[in-house]
1. Positive end of the dipole of the chain, charges at C-beta (+1 Lys, Arg; -1 Asp, Glu), about the Cα centre: which of 336, 11, 325 has its Cα farthest in that direction?
2. Rounded to the nearest 20 debye, what is the charge dipole size of the range 136-216 about its Cα centre when +1 sits on each Lys and Arg Cβ and -1 on each Asp and Glu Cβ?
3. Could you size up the charge dipole of the chain around its Cα centre, putting +1 on the beta carbon of Lys and Arg and -1 on that of Asp and Glu, and report it in debye to the nearest 20?
4. For the range 117-201, divide the Cα radius of gyration by the Kirkwood radius and give the resulting Rg/Rh value with two decimals.
5. How are the Cα pair distances of the range 3-192 distributed, in percent, across 10 Å bins from 0?
6. Rounded to the nearest whole Å², what accessible area per residue is found for the chain with the 1.4 Å probe?
7. Per 5 Å bin, what is the whole-percent P(r) computed from every C-alpha pair distance within the range 200-335?
8. For the range 200-335, which whole percent of the accessible surface, found with a 1.4 angstrom probe, sits on carbon and sulfur atoms?
Amino acid sequence: MKKSDVIRAVFHSLLQEAPNKVWQPQHEKGLGFAPTNIALCKYWGKRDIELNLPMTSSLSIALPDKGALTSVSLHDQSYDRIILNDQEVVRDSAFAVRTSQFLDLFRPQKTGYLQIDIKMNIPVAAGLASSACGFASLVSALNDLFDWKLKKQSLSILARLGSGSAARSFWNGFVEWYAGVRPDGMDSFGEPLAFEWPELCVGILTMSEVEKPISSREAMQRTVNSSLLYGSWPKKVAQDLAILKQAMQVTNFPLLGGTAESNALTMHATMLSSWPPVCYFMPETIAAMHKIWKSRKEGLELYFTQDAGPNLKLLFLEQDKEQVQQLFPSVDIVKVFE
Ligand code: 2P0
């Protein structure tokens, strides 16, 4: 199955009604904001590499005011001009090539190039889901510029073609991204979960803003291809998804935090058992983990999760905010439900 088949399926009715409307601006500018998301149950491994279809479902929380704001407009050059945080992105950089290739899926051949202005208030490519909010905000901005009027479910499917975790970046709060079973992935999209937890806080503990040594895309593939432990990952996910939902239902924070932490550590264990090994831990990461475990022993309800980078995301409740801040003075605290 090819990405272009999915695009045709998503735009099916629009293509019948007005074939040119897919790439005909209806305003001067399109705008889209997407929050970044942190997975409590991770996406690790694909059942289809071309369509970014995951082996398992996953579950995340959004950080409502951290993410990407993207504006798009048509321009008359023969290339896409990308500006990231007020700096022009080099045209043949991996970032620019990946973005332009994604846009090529939609536009008529060699026409309709865009000026794309992205403002992100999170570190790019350091394990803080910058590609998730980047692609989700880009798709939202295109939906606005071309007036596609697509439902979020369809936008989620389109953004997934750019980066898997982008499928979860269209909503605030808890979001589940369904693995689906269809080869075309039309049943693999994000959906918000109807749970709110006003006291829930996330603390971003940045150990390094340096670009990661190996992309999550490559690391994921290496894990699937070479780790013997990967065989147990789908079982772990099925179990953790059920426990996380139960924890939300009964508002049991230690159960939620503990399950998220265990899920992240299991994901990293599959990476460590790949060959060549994939290790996103830095000495500072391990030191922070020990500090968290020690504080927990002393009674603080503090947990962490870690993605494809050295930084940790702390999970705790608002009542413990001051203690967490004392423990980690540099932590950036975000309320999940404002
Ligand atoms: C997640 N990560 O669930 C997991 C946990 C990283 C660790 O989704 O190849 O950038 O573009 O589909 O979405 C990062 O992977 O990978 C990711 P692609 P993506 O948040």
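The values are calculated or read from the model by the stated rules, or taken from the named source; none is laboratory data. None of these values were measured; they are calculated from a predicted model. No Cβ is skipped: glycine too gets one built from the backbone with ideal geometry, and neighbour counts run over all protein chains shown. When the accessible area is computed, the model is the full protein with side chains, heavy atoms only, and any ligands, DNA or RNA have been set aside. Shrake-Rupley method; radii C 1.70, N 1.55, O 1.52, S 1.80 Å.
1. 11
2. Working: 7 positive and 10 negative charges, 47 e Å.
That gives the range 136-216 a dipole magnitude of about 220 debye.
3. My answer is approximately 840 debye.
4. Taking Rg over the Kirkwood Rh, I get 0.99.
5. Percent of Cα pairs in each bin: 10, 39, 37, 13, 0.
6. Numbers: 14900 Å² over 338 residues.
Solvent-accessible surface per residue comes out at 44 Å².
7. P(r) for the range 200-335, in whole percents per bin: 2, 10, 18, 21, 19, 16, 10, 4, 0.
8. The computed percentage sits at 56.
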